[in-house]
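**Student:** Input: one structure, supplied below.
The values are calculated or read from the model by the stated rules, or taken from the named source; none is laboratory data. The structure displayed is predicted, hence computed values, not measured ones. Glycine gets a Cβ as well: all are built from the backbone with ideal geometry, and neighbour counts include every protein chain shown.
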Amino acid sequence: MTVEWKWAEQADQLNSVEQLKLKQDGLDIIEEIREVYAKQGFASIPEEKFSLFKWAGVYQQRPKADGYFMMRVRIPTGILTSRQARVVAEIAQQFGRGLIDVTTRQAIQFHWLQVEDLPEIFDRLGEVGLHSYEACGDCPRTIIGNPLAGIDPNELIDTRPIVNEMEKTFLLNKEFSNLPRKYKISVSASIYNPAHAQINDLAFTPAVKEIDGEEVVGFHVWVGGGLSNRPHLAQQLDMFVRPEQVVDVAVGVTKVFRDHGYRQKRHRSRLKFLVADWGVEKFLEVLTEVIGPYPSRGEDRVVGWNAGYFTGVHPQKQEGYSYVALNIPVGRTSADEFFQLADLADRYGSGTLRTVNTQNIIISDVPNEKVEALLNEPLLKRLTPAPKTFEGYAVSCTGNEFCNLALTETKGLLHEVVQYLDQHVELDTPVRIHINGCPNSCGQQQIADIGLMGGKSKTAKGMVESYQISIGGHLFGAGQFNTPLKGRVAKEYVAPVLKELILFYKEQKQAGERFTQF
Ligand code: SF4
C-alpha cells in the first residue's frame, strides 16, 4: 500500500531529501538499479539518485568519483545460518575484495562493490533469505535484538518469532518506506539489555504485569532514543505490551513518527526530536488514538547492562550446550574467516552464527563435550574467546577508509591504540573504548567508558586529524552519555594520552571498582 503523502501540499517547506521522496518512493530505486544503472554503468547514475541508493542498503564509498559502493546486509537480531554466512563470504570474496565488517547494529557490511554487480548480489542474498534493502535510508532499518535469543538463560522469552514477524511487516512495505528519517528498532527479553534499548528510536525490554490474577510476561516500550551529534536517551511509555502485541505497537509508533515527525530540517527529523518536544505523555495519547488503549506499565525485568559483551564460553538454557563468543578486532573480518566460521558452526554447533552489536560473533549450540576441541581450532587464535583487556572491548565505525562523511581514520587507529594499551597497562577490569570518525556516531562513542570522536584541529603544522575524548558513558538504568574532556588530542598522541588517563584511573579507583559496571 502506498500512502497518500499529505506533505506534498507543503513541498516548499520540506528539505531536499523530502522533495526527492515526493517524486519517487525510495524503494523504487531497487528496480532502477537492476534495470538501468547496473546495465548502463556508474556514469549513468544521476547525482540526485545516490541518496535514494540507501533504500537498497547501498552507499557511495569514499572517494565518490571512483565509483565503488558499500552495502549493509540486515541480520535480524544478529542470527544467521552457516549457509547464509557462506553466501556472505562468497559475495565478499567475489565482489568486495574479501572484506567483511560487523556493524554496531548486528549487520554485515561489504565494501568495494560496483553497480554492475548489485543485481546479482541482491539475488544471491535473497536466495538465502537475506536482504540489504532498507538497511539504510529513511525507513525501519535492521531490527536488532538479543543475539542469544532462544538460547539465553537470562531471557524471559525467545524473541526470535517477534523479530521475524516485525521484519516481515516492515521490510519492503511502502506504507513505511517514507519516514522522516532513519528509524531504529530493538527487541530483547534479556534482563541485561544487550540491545542497548535507550539509544533506539523504539525499543522493547522485558517486563511482567499481574493481569486478572496472573503474572504475564511481556514488554515495556521506549521511544525517542538516538545518538548522532544531538544524542537523546529513549524514555519509557506508560504501557505494558504482551508478546503477541509487540508488532502492532511497533506499527503504531511508526505511524505516529511517519505522520507527525518533522520533515522540514533534516537534522531535526529523527523521532527523538518529536518525543522531546511532545513529552512521553502526549506521545502515548497520540499513539493510543492509533492503536487503542493498553494496560499501564508493569514491573521492569531489566536488572543490569552487559554492554553487548559475551566473549568466552557460557552455558545455554538448553542443558549440556554452550555458546562460544569470539572477539573480532574492531569489527573487521574477511571472507576467508567467514567461510571458516560457517564450517565451525556446522562442525561444532547447529550451523548458527550470531552477530553482536559490539562487532563480535558467537557460535551457538555447541555440545559441552565439543567445546575444548572448538577452542583449539586455529581460527580462534585471532578471533579469540579470551581477548586482551583493551582489544576485547574496542568498537569502531567505518571512518575515512570508506565513509564519505568521515573527518578522520578510525579502525586502524583504534586497533593500534588498544594493542599499545594492552602492552603498557595492566588492569583488572574491562575498559570499553569506542571511536567515531565524525559526530554521526555509528561507533556509538557516547555510551563508551572512553569515547573518541574524530575531527580536525588547526595546528602550527596545518590542519591535523584530532579526537575529542569523553568518559563515563553507560546504559544502566535510564543510561548516561559520557562527558567530553576539555580540548582535543592529535592522532599520534591518542595512545599515550589514553595510557595516562587509564593509569590515573587505576591509581585512584577503589578496591573492586570497575570502570564499567557489567
Ligand atoms: Fe562515517 Fe561518521 Fe558514521 Fe563513522 S560515525 S561511519 S565517519 S558517518
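**Student:** Kindly list, by first and then second residue, each pair from a residue in region 392-406 that is modelled with pLDDT of 95 or more to a residue that is of a type in the set (Asp, Glu) and within 7 Å of the ligand (Cβ to nearest atom), limited to pairs with Cβ atoms under 9 Å and residues at least 6 apart or on different chains.
**Tutor:** Going by the 9 Å Cβ cut-off, there are no qualifying pairs.
**Student:** Give the residue that is surrounded by the most Cβ atoms within 10 Å (Cβ to Cβ), with candidates limited to residues of region 251-304 that are assigned to a loop (DSSP other than H, G, I, E, B) and polar (S, T, N, Q).
**Tutor:** In this case the residue turns out to be 269.
**Student:** Moving on to the next point. Looking at (1) closer than 23 Å to residue 419 by Cβ; (2) of a type in the set (Phe, Trp, Tyr); (3) in a helix (DSSP H, G or I), which is the only condition residue 309 fails?
**Tutor:** For residue 309, the failing item is (3).
**Student:** Considering only residues that are in contact with a Phe, Trp or Tyr (Cβ under 8 Å, 6 or more places away or on another chain) and within 15 Å of the ligand (Cβ to nearest atom), which ones fall in region 438-456?
**Tutor:** 446, 447, 452, 453, 454, 455
**Student:** Here is a check on your reading of the model: is residue 336 among the acidic types (Asp, Glu), over 30 Å from residue 214 (Cβ atoms) and in contact with a strand residue (DSSP E or B) (Cβ under 7 Å, 6 or more places away or on another chain)?
**Tutor:** No: the conditions fail for residue 336.
**Student:** Can residue 52 be described as modelled with pLDDT under 95 and either part of a loop (DSSP other than H, G, I, E, B) or not basic (Lys, Arg) (or both)?
**Tutor:** No: the conditions fail for residue 52.
**Student:** Kindly indicate which of 126, 145, 96, 137 is within 22 Å of the chain's Cα centre (by Cα) and without any contact (Cβ under 8 Å) to a residue 12 or more places away in the chain.
**Tutor:** Only one candidate qualifies: 126.
**Student:** In this structure, is residue 167 more than 16 Å from the chain's Cα centre (by Cα), at pLDDT 95 or above and of a type in the set (Asp, Glu)?
**Tutor:** On the way: more than 16 Å from the chain's Cα centre (by Cα): no; at pLDDT 95 or above: yes; of a type in the set (Asp, Glu): yes.
Criteria not met by residue 167.
**Student:** Considering only strands (runs of 3 or more DSSP E) fully contained in region 320-437, which possess at least 3 residues that are away from the ligand (no atom under 16 Å from the Cβ)? So that I can check it myself, show each step before the final result.
**Tutor:** On the way: elements: 321-326, 332-334, 352-355, 361-367, 394-396, 433-436.
Once the strands (runs of 3 or more DSSP E) in region 320-437 are filtered for at least 3 residues that are away from the ligand (no atom under 16 Å from the Cβ), what remains is 321-326, 352-355, 361-367.
**Student:** Right, next: Within region 308-322, can one find any residue that is buried (at least 17 other Cβ atoms within 10 Å of the Cβ), at pLDDT 95 or above and closer than 30 Å to residue 248 by Cβ?
**Tutor:** yes
**Student:** Return yes when residue 360 is farther than 30 Å from residue 66 by Cα, crowded, with 22+ Cβ neighbours inside 10 Å and in contact (Cβ under 8 Å) with a residue 40 or more places away in the chain and no when it is not.
**Tutor:** Answer is yes for this residue.
**Student:** Name every residue in region 210-229 that is surrounded by 13 or more Cβ atoms within 10 Å (Cβ to Cβ) and part of a loop (DSSP other than H, G, I, E, B), in order of residue number.
**Tutor:** 224, 225, 227, 228, listed by residue number.
**Student:** For region 284-301, how many residues are touching a residue at least 24 places away in the same chain (Cβ under 8 Å) and more than 10 Å from residue 238 (Cβ to Cβ)?
**Tutor:** Number of matching residues: 8.
**Student:** Just a yes or no: is a residue in region 457-473 within 16 Å of the ligand (Cβ to nearest atom), touching a Cys at 6+ places or on another chain (Cβ under 8 Å) and part of a loop (DSSP other than H, G, I, E, B)?
**Tutor:** Among the residues of region 457-473, not one is within 16 Å of the ligand (Cβ to nearest atom), touching a Cys at 6+ places or on another chain (Cβ under 8 Å) and part of a loop (DSSP other than H, G, I, E, B), which makes the answer no.
**Student:** Another one. If the Cβ limit is 9 Å and pairs must be 6+ apart or interchain, which residue in region 453-464 that is under 18 Å from residue 410 (Cβ atoms) pairs with which residue that is charged (D, E, K, R) and assigned to a strand (DSSP E or B)?
**Tutor:** These pairs meet every condition: 454/465; 455/465; 456/465; 457/465; 463/456; 464/456; 464/458.
**Student:** Mind listing whichever residues of region 39-91 are on the phi > 0 side of the Ramachandran plot and surrounded by 18 or more Cβ atoms within 10 Å (Cβ to Cβ)?
**Tutor:** Within region 39-91, 57, 77, 78 qualify.
**Student:** Restricting the first residue to region 165-178 and requiring it to be on the phi < 0 side of the Ramachandran plot, which pairs with a second residue that is of a type in the set (S, T, N, Q) meet a Cβ separation below 7 Å and a spacing of at least six or different chains?
**Tutor:** Close Cβ pairs (under 7 Å, with a partner that is of a type in the set (S, T, N, Q)) amount to 174/2; 176/254.
**Student:** Looking at region 99-124 only, could you name the residues that are in a loop (DSSP other than H, G, I, E, B) and surrounded by fewer than 18 Cβ atoms within 10 Å (Cβ to Cβ)?
**Tutor:** Within region 99-124, just 114 meets the criteria.
**Student:** Can you give me the number of residues within region 223-265 that are farther than 30 Å from residue 406 by Cα and of a type in the set (Phe, Trp, Tyr)?
**Tutor:** Matching residues across region 223-265 total 1.
**Student:** Considering only region 28-49, state which residues are free of Cβ contacts under 8 Å to residues at least 60 places away in the same chain and outside any helix (DSSP H, G or I).
**Tutor:** Result: 46, single match.
**Student:** Of all residues in region 172-189, count the ones that are over 25 Å from residue 308 (Cα atoms), hydrophobic (A, V, I, L, M, F, W, C) and surrounded by 18 or more Cβ atoms within 10 Å (Cβ to Cβ). Give the steps one after another, and end with the answer.
**Tutor:** Pass one, region 172-189, residues over 25 Å from residue 308 (Cα atoms): 172-181.
Checking the rest, the ones that are also hydrophobic (A, V, I, L, M, F, W, C) come to 172, 176, 179.
With the extra rule that they be surrounded by 18 or more Cβ atoms within 10 Å (Cβ to Cβ), the set shrinks to 176, 179.
Adding up the residues that qualify gives 2.
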